[in-house]
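To keep things clear, I will list the structure first and then write my remarks on it.
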Amino acid sequence: MTDHQEILRGLYDETLVGNGPRVLELTRQGLETGLTPESMLFDALIPSLEEVGARFERGDFFVPEMLVAGRAMSGALDVLRPLLAETGAQTVGTFLMSTVKGDVHDIGKNLVNIMLEGAGFHVIDLGVQVSPEKVVAGVQEHKPDIVGFSAFLTTTMPMFKANINALQKAGLRDDVIVMVGGAPVTQEYADAVGADGYAADAATAVRKAKELLA
Ligand code: B1M
């Protein structure tokens with residue numbers, strides 16, 4: 001195995017067991033030896049979390065294992081963030097992002113934010129478990145071009161509709177483009193709740209956001 005393959009393998013394995021310090025060390029080592037942030041993300045870190053999810057579904061992993069794996073990934077993302085978001089591009093629009101009420105997952109949302117920033121968007125992140133009231137207040141304060149909602153659980157996806165209804169009630173729906181996404185979300189679901197756009201991953205989210213603004 002080459003050094004790079006060993007680092008990628010290490011990143012995958014150590015994320016899987018939630019060894020945060022080792023994941024950080026390997027991320028830095030990867031950068032020092034010329035691995036790209038994209039390769040570390042898409043060839044090791046994300047596949048590892050997918051495996052964590054698969055093990056959780058099979059009953060081989062429980063919430064604590066998911067938690068430490070998630071933390072390990074977040075640590076790596078902190079190191080990669082400035083590199084992924086490096087851009088000379090001018091601001092192409094303002095994006096107000098949040099994970100919906102009842103949902104604490106934020107890694108996917110953060111990755112979308114990083115990619116949007118890298119493409120020149122000004123991103124305002126309201127965080128996780130964000131209520132429709134906070135979304136409305138955020139839109140009033142920041143006047144974004146696009147409002148993005150992430151949901152990662154089938155039980156929290158209905159919050160998309162609640163958020164869109166709240167925007168409607170506040171008279172703001174026609175002022176903003178609404179995008180939705182997250183692991184269980186589909187184009188059909190996005191259409192059914194009346195969102196303007198959907199994307200399955202961070203790179204597609206950037207493409208879609210630009211398309212919707214054009
Ligand atoms: Co949770 N969890 N979790 N979890 N967790 C999932 C999502 C799950 C799929 C695992 C599984 O069963 N296979 C499952 C959901 C099943 C379902 O409803 N369909 C699940 C469950 C059940 C739960 C709990 C209910 C477990 C429990 O308590 N019994 C609980 C819920 C807590 C809550 O929110 N109220 C829970 C808790 C947790 C932790 C806290 C332990 C931790 C979260 C850590 C964190 O986020 N800070 C965690 C983790 C780590 C996961 C998995 C393993 C990894 C998620 C992740 O970060 N993926 C996950 C399994 C999996 O996804 N395979 C799982 C990597 C990330 C890069 O991908 O999140 O899909 P993803 O984001 C993508 C796209 O979705 C898209 O782009 C992103 C980047 O490419 N995208 C958008 C995201 N937002 C977008 C917005 C857009 C466009 C695209 O436009 C606006």
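Just a few scattered comments:
- Three semi-axes of the equivalent ellipsoid, the range 128-185, Cα gyration tensor, whole Å, largest first: 19, 11, 10
- Exposure proxy ranking, count of Cβ atoms within 10 Å, fewest first, for 66, 179: 66, 179
- Neighbour counts of other Cβ atoms within 10 Å put 49, 11, 212 in the fewest-to-most order 212, 49, 11.
- On Cα atoms only, tilt of 107-118 relative to the major axis of the chain in degrees: 80 degrees
- Max mean-square fluctuation residue, GNM over the chain, Cα-Cα springs under 10 Å, options 163, 113, 19: 19
- The simple spin-label model puts a point 7 Å past each Cα toward its Cβ; for residue 183 and residue 58 those points are separated by 1.5 nm.
- Cα point-scatterer Debye curve for the range 43-191, base-10 log of I(q)/I(0) at q = 0.11, 0.15 Å⁻¹: -0.45, -0.82
- On Cα atoms only, tilt of 63-84 relative to the major axis of the chain in degrees: 80 degrees
- Expected-Rg normalisation [2.2 N^0.38 Å, Cα atoms] applied to the range 156-214: 1.10
- Taking all Cα pairs closer than 8 Å and separated by 6 or more residues, the relative contact order of the range 81-173 comes to 36 percent.
- Segment residue 65-residue 155, extension gain: residue separation times 0.36 nm, minus the distance between their alpha carbons: 30.3 nm
- Dividing the Cα radius of gyration of the range 1-105 by its Kirkwood radius returns 1.03 for Rg/Rh.
- The relative contact order of the range 18-107 comes to 40 percent, based on Cα pairs under 8 Å that sit 6 or more residues apart.
- In plain terms, if you count all Cα to Cα distances in the range 53-119 and split them into 5 Å steps from zero, the share in each step is 3, 14, 19, 20, 17, 12, 8, 4, 2, 0 percent.
- Mean-square fluctuations from a GNM of the chain, with a 10 angstrom spring cutoff on Cα atoms, peak among 28, 58, 81 at 58.
- Listed by Cβ neighbour count within 10 Å, with the fewest neighbours leading, 146, 177 appear as 177, 146.
- Sequence-separation-based contact order of the chain, relative, with Cα cut under 8 Å and 6+ spacing, percent: 16 percent
- Compactness of the range 95-176 - radius of gyration and Dmax, Cα, Å: 11.9, 33
- Expected 222 nm ellipticity per residue - DSSP helices of 4 or more, -39500 (n - 2.57), all of the chain, to 500: -17000 deg cm²/dmol
A short reminder: the numbers here are calculations on the coordinates, not readings from a lab. All of these numbers come straight from a predicted model, not from anything done at the bench. So basically every Cβ, Gly included, is an ideal-geometry build from the backbone, and we count neighbours across all protein chains shown.
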